[in-house]
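Below is one structure, written out as structure tokens, with a few remarks after it.
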Amino acid sequence: MSTSTLEAPASTPAFQQVSLGRKVKNGLATTLVWLSFVIAVVPLVWVLYTVIAYGIKRIPYSNWWSDDFGDVLSDEVGGGVVHAIIGTLLQGLVCAVIAVPIGMLVAIYLVEYGRNGRLAKATTFMVDILSGVPSIVAALFIYALWITTLGLPRSGFAVSLALVLLMIPVVVRSSEEMLRIVPDDLREASYALGVPKWKTIMKIVLPTALSGIVGGVMMALARVMGETAPLLVLVGYSAYTNWDIFHGEQAALPLLMNNERVSNPMDPGSVGFDRIWGAALTLVLIIALINLLATVFARLVAPKKK
């Protein structure tokens, strides 16, 4: 065998030199991805900057977090939003207590039991429809059922019922996607050991998907806490603190902003202008704090990795 034959490569190298055309296409795609990222982030940063810049004027004062507007005139400097914070938290808490169990049970049925059954398909179709219902339609439905038909008064609880209709589809969809991510191997290993299906779901599936489920729940809660239409239709604004969610008028941060917009001029530097932006920043801070606490909770209860 000749020396030239021994020195020749056995086969053509698998990796060839990248052509100029592929480099250009790769560079163009990378540029488009980064450009899309910037376009998506710029409005978010702009909104946050605007809210912080205009709302920070009232936030540092202690009375903003401890007083209400009951003894303060609409055009008088002073007072705080504790009454609106309490109303927002109570309505959101009651909504979450009702919507989260229902949404998670529906998601568990769709993933673990329903699969491709007729009832599962019908449920998925109804969830899709409910996810597209505007908030004003949900508010009018609760008004017709709760107030007109049953004759019950307008209250914060009626607002929570309307928010439940808006929160359930988001919880169902997010929980469903997180449950589908759990590998079937974990389920099959549990079944092979003789563990019942319900216990497999409780001990294996839900803990594995819990962190994602909590994130979806927080996303849904953040959405409903900022809704204004149910507040306008189902409860009146009160400048005083009301802890009773079932009776009387009750404020909330979105309702407070709307009330200030109507009752005060929106000139920069005016009392109403500062109150609106301060309430907006307060709502952002509350939602951020809830998400932070939920993230910490999810990490604590998530399965530990060795």
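The values are calculated or read from the model by the stated rules, or taken from the named source; none is laboratory data. Note that the structure is a prediction, hence the values are computed from the model and not measured. For neighbour counting, all protein chains shown are included, and Cβ atoms are generated from backbone atoms with ideal geometry for every residue, glycine included. These area figures cover heavy atoms from the full protein model, side chains too; ligands, DNA and RNA do not enter into them. Shrake-Rupley method; radii C 1.70, N 1.55, O 1.52, S 1.80 Å.
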| Within the stretch 261-278, how many residues are in a helix (DSSP H, G or I) and free of Cβ contacts under 8 Å to residues at least 40 places away in the same chain? | 3
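Results for (1) farther than 21 Å from Val47 by Cβ; (2) surrounded by fewer than 22 Cβ atoms within 10 Å (Cβ to Cβ), shown as yes or no for each residue.
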{"residue": "Leu206", "(1), (2)": "yes, yes"}
{"residue": "Gly212", "(1), (2)": "yes, yes"}
{"residue": "Val217", "(1), (2)": "yes, no"}
{"residue": "Arg261", "(1), (2)": "no, yes"}
{"residue": "Ile290", "(1), (2)": "no, yes"}
| said: From the list Gly248, Gly236, exactly one residue is touching a Lys or Arg at 6+ places or on another chain (Cβ under 7 Å), touching a residue at least 60 places away in the same chain (Cβ under 8 Å) and of a type in the set (Gly, Ala, Ser). Which is it? | reply: Gly236
| query | Inside the stretch 84-100, can you point out the residues that are under 16 Å from the mean Cα position of the chain (by Cα) and open to solvent by 10 Å² or more (accessible area, probe 1.4 Å)? | reply | Leu89, Leu93, Val94, Ala96, Val97, Ile98, Val100
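Conditions (1) within 26 Å of Asn258 (Cβ to Cβ); (2) of a type in the set (A, V, I, L, M), marked per residue:
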| residue | (1), (2) |
| --- | --- |
| Asp71 | yes, no |
| Pro101 | no, no |
| Met104 | no, yes |
| Arg118 | no, no |
| Met126 | no, yes |
| Ile129 | no, yes |
| Val159 | yes, yes |
| Ile168 | yes, yes |
| request: Answer with yes or no whether Gly80 is surrounded by 15 or more Cβ atoms within 10 Å (Cβ to Cβ) and modelled with pLDDT under 85. | output: yes
| Extreme residue, farthest from Val97 (Cα to Cα), among residues of the stretch 221-251 that are open to solvent by 50 Å² or more (accessible area, probe 1.4 Å) and among the acidic types (Asp, Glu) | Glu249
| task | Kindly list the number of the only condition in (1) basic (Lys, Arg); (2) surrounded by 13 or more Cβ atoms within 10 Å (Cβ to Cβ); (3) within 26 Å of Ala298 (Cα to Cα) that fails for Arg154. | result | (3)
| Which of the residues belonging to the stretch 112-125 are within 25 Å of Ala222 (Cα to Cα) and surrounded by 12 or more Cβ atoms within 10 Å (Cβ to Cβ)? | Thr123, Thr124
| task | State whether the residues of the stretch 48-58 include one that is among the aliphatic types (A, V, I, L, M), open to solvent by 80 Å² or more (accessible area, probe 1.4 Å) and farther than 16 Å from Trp277 by Cβ. | result | no
| message | Going through Gly215, Gly236 one at a time, which residue ends up being part of a loop (DSSP other than H, G, I, E, B) and at pLDDT below 85? | response | Gly236
